[in-house]
Amino acid sequence: MKQNRRLTLSLIMAVLFLFLIAPLSAEEMTVKTILDRFEETIRIPNLKGVLTVKLIAANGDTREIEATAFQKQISANQISRLFIFDYPPSVRDTGMLIHSFMNGDDNVLWIYLPAVKRVKRIALAQSGGGYFMGSDFSYSDFIAKSRVGYTREYLGEGTLDGVSCFMMKEYGATEELRRLQGISYMINYYRKSDFLMVGRDYYDLAGELLKEYRVLEDLALQAPYIYPTLITMENKQTGHKSVIQVTDIETEDLSERYFTTRYLRNR
Amino acid sequence: MISGNRRRTLLLIIPFLLGAGSFAYGIDFQGTVFGDYYGSAELSTPYQNLRGRLFYRPVLSGPLLDTDLELTLSTDLYIDLLPDFGYTAAENVLHEAYLFLPAGPSDIYAGQKLVSFGKTDVFSPLNCVGGNHIYKLSLDDPYQGRRPEAMLHLKFYPSYSDELDLIYIPFPRPDYGTTTETPLSDSSADLSATVHFSRPPYNIDSPHSIFLAYSRFSDSFDFQLLYGFYTNPTPDFDISALTGTAPVTGLITSRYTRVHTFGGAFSTSLGELVWVEEAAFNLTEDLDGSDMGVRNPDFTLNSQITGTIFGGTFAQLNMIYQHIFYFNAGSSVYAPDTEAFLRSEFNNYFTQPVQNILFFIAHLHNSFFREKLYVALNAGFFFSTELYLAPRVSWALSDLWSLEAGADFWTAPPPNRDLLRGTKEDNFYIRVSFAY
C-alpha cells in the first residue's frame, strides 16, 4: 500500500514537472526556430538589384532615390552590402559600403563622396541621422540584426492583413540601446508558410505606435531564399511613408572585390 | 588664329557636341548649371556687388569604344555679369580630363584630375596635392576648391584592404589668383616696393612633384601614410632685389619652392562617434628660418570628432594645432621697422602669423522635410576677437533644381594688409542650381 502511494506520488510529481517545463521549452524553441528559419530565408549568399526608394511626405510630395545594391554573405559572421546611388544628381556616384557582423561587433560604414574624391569612415548614426538616405528606414532595418543585445518573446500566432503569422516581441536588452534607437519594443510578424518577416510594428519610448513595416511583395529565389521586393515603412505619428522597391534581382556569385573601398571608388 | 569670341563660342558648343556624340558610345553626360549672386555684408564699407555669375560644368564619363579604358572629361565655363563682365580664364576651362584603366591589382590614371589625401574634412595637412583658388568668396565653395593636376597616378592594391598610390606631376599648377602686381609699402617702415606675382598656368620652371601614399581600410580602423616632394603651389618671395635704406625700394618677385611633406592619418569608430587624427611635417627650403621670404618648416596636427547630437543633427569638431619652426629667426640688413613689416606681411601670407597656432572649426548640419531642406553652420574660433560664422541653407525645389543661400561672416574687420591671400570680406550669396 505504502509502495503504491509512493509510486503514485512520484508519477504525479513527474507529470507536474513535465507540465511545468514543457511550455518553457516550447517557447524558447519557438523563438529560436522562428529566427533560425527566418535567417535561412534572408541569408542569401549573393544578391544584386536595383533599389528605388520613394520618400512620401504627409502632404503627398514624393522624392525618389535610385541605387544599385549588392549584398554578399562574406562569412557566417559577416554580411557586406554596397549601395551605389544613381539618382538624384545630388547623390549620384555616392557609394556606401557596410560590413555588418552577427556576433554583435559594431557595424562599419564607409561612404565615398565623389565631390571631394574621398572614402570616409562614418558611424551609422551619422548618416542621415541614422536613417537610410533620409527615409523612414533606419540602417538597423537594412542590416540583419545580431541576436546579441536583444530580448525576444514569442507571442503566439496571429494574422496580419489576412496572412497567418507567428508573432514575436523584440526589444533592446538594455535601456541605453532602447534609448539610442528610440524604440521601446517591436512586434514582428513572421509568415507561417515560410518564416519571412512580413511585418513589424515599432513602438516609441512612450509605448505609442511609431512606425509600421510591411512587405507587400516578395520573390522566391532558389530555396530556401526569399527576398522582399516591395516594402513600406510608414511613420504613424508624422504621416511620412517610405517605399522600397527592388527590381532586376540577380543571385550570381559576386566577387568580394565588390565590397572593398577600391570598388566603392571606381565602378 | 581664332578670335576670342569664336573661341568662347567653340568652348560652349563643344560640350554639347560631345554630349550628343556620347550617347552613341554609352558615355554618361552629366552637368551642373547655376546662377549666383554675391553681395558684400561688411558693415564698415558701402554695399558692393561682389559677383553675379552664370556657371556651367558639363561632365562626360564612361568607357571608350567598348574597352576597359574609361574617359572623364569636364570643363568649367562661366561668365560674370557683376561687378564687371568677365569669363573663365583659359587655363581654368579644362577641369578634369583623364583616362582610367583598371589593370588587375592596379588602377592607372593619366591626365588632369583631382586627388584628395587625408582623413580630416577641413584644414587637412595631408591634402597637399594641387593648388587652390585663393580668392573664392565662400571658403567651402565646391566649384573653386583645389585645382586638378595633370599627372600620372598609379594605384596598387596588394590586398582588398591595402592601397599604394604613386603620383607624378610633371608640371604642377600654382594657386590661382588674378593679381599680378601688388604694391607693398608702409611709410613708418620706410618701404616702397612692388610684389610681382608670377602665376603660370603650369609650373614649367619648377617641375616634378611626386607623392607616395599607403592606405589601409579595416573593420577596426583606417590609416594613411604620405610622403610628398613637390613644388609648393603657394609662392614664396625673393627679396634680394630690394635696395636702399630709407626708403627701401625695389621689386619683390614670387618664386615657387620645394617642400617635403611627411605625414599620417588614423580614423576609427568609437561607438556612435568617429575619431580622426591627422598630422604632417612640412620641411621647406628655409631650413633654419633665415630667409624671411620663404615659409618656415611647420608641423600640423588636426584632431576631428564626428557624431550625431539632438534631433539627428550631424556634428563635427576639429581642433587644429600648428607649430612654426624657427619663427622670426635670423636677421636681415633692413632697419627693425622695415624688417618687422616685411616679416608680418610674409608670415600672414604664409598663414604662419605666430609660432604656435591653435584654432577650432565646428560644423553642424541637418535635413528636414524629407531632405528637401538642408541647414548647416560652419564656425571657426581662433582664440582672438575673430570668429568665423558661415550659415548655409539649401531647398530642393525638385530632384534637379535647388535654391541655396549662405553667408561668410568674420567678426573682425578685414585685415589691413597689402599681401592679402584670399578675402576676409563678409558676404552673402544666393544661388539657383540645376543638375542633370
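The values are calculated or read from the model by the stated rules, or taken from the named source; none is laboratory data. No experiment lies behind these values; they were computed from the predicted model shown. Cβ atoms come from the backbone with ideal geometry, glycine included; neighbour counts cover every protein chain shown. Surface accessibility is based on the protein's heavy atoms, side chains included, excluding ligands, DNA and RNA. Shrake-Rupley method; radii C 1.70, N 1.55, O 1.52, S 1.80 Å.
With unit charges on the beta carbon (Lys/Arg positive, Asp/Glu negative), name the residue among B:Ala193, B:Ala280, A:Ala58 whose Cα is farthest towards the positive pole of the charge dipole of the protein assembly as shown.
Most positive-ward Cα: A:Ala58.
Quick query: amide H of A:Ser138 versus all other amide H atoms, modeled in the peptide plane; which residues come in under 5 Å with a sequence gap of 5 or more or a different chain?
Distant-sequence amide H within range of A:Ser138: A:Phe132.
On the protein heavy atoms, probe 1.4 angstrom, tell me the percent of accessible surface of segment A:184-267 carried by carbon and sulfur.
It is 44 percent, rounded to a whole number.
Calculate, for B:Phe368 and B:Ser290, the FRET efficiency according to 1/(1 + (r/R0)^6) with r their C-beta to C-beta distance and R0 35 Å; round to the nearest 0.05.
After rounding to 0.05, the efficiency reads 0.05.
Distance check, please: which entries in B:Lys372/B:Lys424; A:Lys54/B:Lys113; A:Lys72/A:Lys120; A:Lys211/B:Lys372; A:Lys54/B:Lys119; A:Lys236/B:Lys372 exceed 24 angstrom between their Cα atoms?
Distance filter (> 24 Å) returns B:Lys372/B:Lys424; A:Lys54/B:Lys113; A:Lys54/B:Lys119.
Amide H to amide H, which residues 5 or more places from A:Arg118 or on other chains are under 5 Å from it, using H placed in the peptide plane?
Counting only residues 5 or more places away or on other chains, the set is A:Leu113.
Going by accessible area, probe 1.4 Å, with all protein chains left in place, what is the ranking of B:Phe325, B:Phe369, largest first?
Per-residue accessible area, sorted high to low, gives B:Phe369, B:Phe325.
Taking the DSSP beta bridges in the protein assembly as shown as the whole, what percent of them are antiparallel, to the nearest 5?
Antiparallel bridges make up about 95 percent of those DSSP assigns within the protein assembly as shown.
B:Asn203's amide H: which non-local residues (gap 5+, or another chain) put their own amide H closer than 5 Å, with H modeled 1.01 Å from N in plane and none for Pro or chain starts?
For B:Asn203, the qualifying residues are B:Arg173.
Where the accessible area of segment B:317-436 is counted over protein heavy atoms with a 1.4 Å probe, how much of it, in %, is carbon and sulfur?
It is 67 percent, rounded to a whole number.
Taking only DSSP H segments of four or more residues, each worth -39500 (n - 2.57), what value at 222 nm results for chain B once the sum is divided by all its residues, to the nearest 500 deg cm²/dmol?
Calculated from helices alone, the mean residue ellipticity at 222 nm is -3000 deg cm²/dmol.
For segment B:193-210, what does the Karplus curve 6.51 cos²θ - 1.76 cosθ + 1.60, with θ = phi - 60°, yield as ³J(HN,Hα) per residue in whole Hz, taken in order and with x for Gly and Pro?
10, 10, 9, 9, 8, 9, 10, x, x, 9, 7, 6, 6, 9, x, 6, 10, 10
So if I place +1 on the C-beta of Lys and Arg and -1 on the C-beta of Asp and Glu, and nothing else carries charge, what would the dipole magnitude of the protein assembly as shown be about its Cα centre? I want it in debye, nearest 20.
My answer is approximately 1560 debye.
Compare the Cα positions of B:Val33, B:Tyr87, B:Ser402 along the charge dipole of the protein assembly as shown (+1 at Cβ of Lys, Arg; -1 at Cβ of Asp, Glu; about the Cα centre) and return the one farthest towards the positive end.
B:Ser402
Select from segment B:177-225 all residues whose loss of accessible area on going from the chain by itself to the full protein assembly reaches 20 Å² or more (probe 1.4 Å).
Flagged in segment B:177-225: B:Phe217, B:Asp219, B:Asp222.
In nm, give the distance between the simple-model label positions of B:Val375 and B:Met319, each being 7 Å from the Cα along the Cα-to-Cβ direction.
Label-label distance for B:Val375 and B:Met319, simple model: 2.9 nm.
Residues of segment A:76-115 that become at least 30 Å² less accessible with every protein chain present than in their own chain isolated, using 1.4 Å: which are they?
The answer is A:Tyr87, A:Pro89, A:Arg92, A:Trp110.
Need the list of aspartates and glutamates near A:Lys169 for cross-linking: C-alpha distance under 17 angstrom, and skip anything on the same chain fewer than eight residues off.
Of all the aspartates and glutamates, those that pass the test against A:Lys169 - Cα under 17 Å, at least 8 places apart if same chain - are A:Glu27, A:Glu28, A:Asp36, A:Glu39, A:Asp141, A:Glu153, A:Glu157, A:Asp201, A:Asp204, A:Glu208, A:Glu212.
Determine the dipole magnitude for segment B:241-321: charges of +1 sit on the beta-carbon of Lys and Arg, -1 on that of Asp and Glu, nothing else is charged, the reference point is the Cα centre, and the result goes in debye to the nearest 20.
Using Cβ point charges on Lys, Arg, Asp and Glu, segment B:241-321 gives about 220 debye.
Check each residue of segment B:352-380 and keep those whose accessible area, probe 1.4 Å, is at least 50 Å² smaller with all protein chains in place than in the chain alone; give them in order of residue number.
Residues shielded by partner chains are B:Arg370, B:Glu371.
What is the calculated FRET efficiency for B:Ala405 to A:Leu113, with r their C-beta to C-beta distance and R₀ = 25 Å, to the nearest 0.05?
0.65
Chain pair A, B: how much accessible area is buried, both chains summed, with a 1.4 Å probe, in Å² to 100?
3600
Cut-off 16 Å, label point 7 angstrom out along Cα-to-Cβ of A:Ser75: give me the residues of segment B:203-218 whose amide nitrogen falls inside.
Under 16 Å, as judged by backbone N against the label point of A:Ser75, lie B:218 of segment B:203-218.
Just to verify a number: FRET efficiency for A:Tyr150 and A:Arg179, C-beta to C-beta distance, R0 = 25 Å, to 0.05?
0.95
Let me make sure I get this right: for chain B, a, b and c are the square roots of the gyration tensor eigenvalues over alpha carbons, sorted descending. Under 1.5 in a/c it's rounded, otherwise prolate if a/b > b/c, else oblate. Which is it?
Rounded, because the longest to shortest axis ratio a/c is under 1.5.
Give the carbon-plus-sulfur fraction of the accessible surface of segment A:47-131 in %, rounded to a whole number; probe 1.4 Å, heavy atoms of protein chains only.
Carbon-and-sulfur percentage of accessible area, whole number: 49.
Take B:Tyr168 and A:Lys192, extend 7 Å from each Cα along the Cα→Cβ direction, and tell me the distance between the two endpoints in nm.
7.2
If a paramagnetic tag sat 7 Å from the Cα of B:Gln355 along the Cα-Cβ line, which residues of segment B:263-292 would have the backbone N under 18 Å from that point?
Within reach of a label on B:Gln355, which here means backbone N under 18 Å from a point 7 Å along Cα→Cβ, segment B:263-292 contributes B:287-292.
Could you give me the ³J(HN,Hα) list for segment B:117-126, computed from phi with Karplus coefficients 6.51, -1.76, 1.60 and θ = phi - 60°, whole Hz, x at Gly and Pro?
Result, ordered by residue: 9, x, 10, 8, 8, 10, 6, 6, x, 8 Hz.
Determine the per residue accessible area of the protein assembly as shown with all protein chains present and a 1.4 angstrom probe, expressed in square angstrom.
Each residue of the protein assembly as shown exposes 47 Å² on average to a 1.4 Å probe.
Assuming 0.36 nm per residue, please report the length gained on full extension of the stretch B:Asp84 to B:Asp66 beyond their Cα-Cα distance.
Extra length available between B:Asp84 and B:Asp66 comes to 1.9 nm.
Between B:Val354, B:Gly380, B:Leu364, whose Cα lies farthest towards the positive end of the dipole of segment B:319-436 when Lys and Arg beta carbons carry +1 and Asp and Glu beta carbons carry -1, centred on the Cα centre?
B:Leu364
For segment A:42-54, just list the computed ³J(HN,Hα) in residue order, Karplus coefficients 6.51, -1.76 and 1.60, θ = phi - 60°, integers in Hz, with x standing in for Gly and Pro.
My calculation for segment A:42-54 gives 9, 7, 5, x, 9, 8, 9, x, 9, 9, 10, 10, 9 Hz in order.
Can you tell me the relative contact order of segment B:173-223? Whole percent, Cα pairs under 8 Å, sequence separation 6 or more.
Reported as a whole number, the value is 30 percent.
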